[in-house]
Amino acid sequence: MWPYYAVLGGAIVAGVIGQVLLKSGAGAETFLRQMLAPHTVIGLFFYGIAALLYIVALRKLPVSVAFPSVALSYVVVAILGRLLWQEPLGLYQIAGLALIVGGVVLINQH
């Protein structure tokens with residue numbers, strides 16, 4: 001079963017990379033330029049990879065475990081947003097992220 005958790009982890013990482021690249025491409029002057037920016041195109045590619053890996057993970061993992069586990073990407077992206085773009089990350093946001101981590105830990109208990 002662990003290989004499917006590894007694949008799920010890969011899906012989460014690919015999704016995080018995709019999100020960071022989409023944010024990086026969001027500085028374009030127009031929507032069309034944003035959509036054609038290399039960061040955006042590559043970010044969408046990583047989202048596609050994430051979806052494919054997620055489909056593989058669902059072959060053996062219950063969706064009631066796999067889908068909530070993807071919420072870990074919210075935590076990683078929020079931290080990266082703070083580190084890369086100095087986005088705010090206050091006490092309430094940190095508490096919410098801690099709740100997400102706690103929920104994912106609980107859901108993955110067997």
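Please state which of the following conditions V41 fails to meet, knowing it meets all the rest: (1) within 24 Å of V101 (Cβ to Cβ); (2) at pLDDT 95 or above.
(1)
Could you give me the residue pairs with C-beta distances under 7 Å whose first residue belongs to the stretch 99-110 and is in contact (Cβ under 8 Å) with a residue 12 or more places away in the chain and in a loop (DSSP other than H, G, I, E, B), whose second residue is surrounded by 11 or more Cβ atoms within 10 Å (Cβ to Cβ) and of a type outside the set (A, V, I, L, M, F, W, C) wherever it lies, and which are 6+ apart or on separate chains?
Taking only residues 6 or more apart or on different chains, the pairs are N108/S69.
Taking the residues in the stretch 23-44 that are among the hydrophobic types (A, V, I, L, M, F, W, C) and not in a helix (DSSP H, G or I) as candidates, determine which candidate is nearest to A6 (Cα to Cα). If you could, list the steps in order and put the result at the bottom.
Quick first cut of the stretch 23-44, residues among the hydrophobic types (A, V, I, L, M, F, W, C) only: 26, 28, 31-32, 35-37, 41-42, 44.
Applying the additional criterion that residues be not in a helix (DSSP H, G or I) yields 28, 37.
Numbers: A28: 35, A37: 31 Å.
Once the filter is applied, the top-ranked residue is A37.
What number of residues within the stretch 45-66 are loosely packed, with under 15 Cβ neighbours inside 10 Å and either of a type in the set (F, W, Y) or assigned to a helix (DSSP H, G or I) (or both)?
Selection size over the stretch 45-66: 7.
Being more than 16 Å from A26 (Cα to Cα) and part of a helix (DSSP H, G or I) is the filter here, so list the residues in the stretch 83-98 that pass it. Spell out the reasoning first.
Going residue by residue through the stretch 83-98, those that are more than 16 Å from A26 (Cα to Cα) are 83, 88-98.
Hits for the stretch 83-98 are L83, L91, Y92, Q93, I94, A95, G96, L97, A98.
Going through the stretch 68-110 one residue at a time, which ones are loosely packed, with under 15 Cβ neighbours inside 10 Å and closer than 17 Å to G10 by Cβ?
Scanning the stretch 68-110 gives a single hit, N108.
The values are calculated or read from the model by the stated rules, or taken from the named source; none is laboratory data. Please read these numbers as outputs of a predicted model, since none were measured by experiment. FYI the Cβ positions are ideal-geometry reconstructions off the backbone, even for glycines, and counts take in every protein chain you see.
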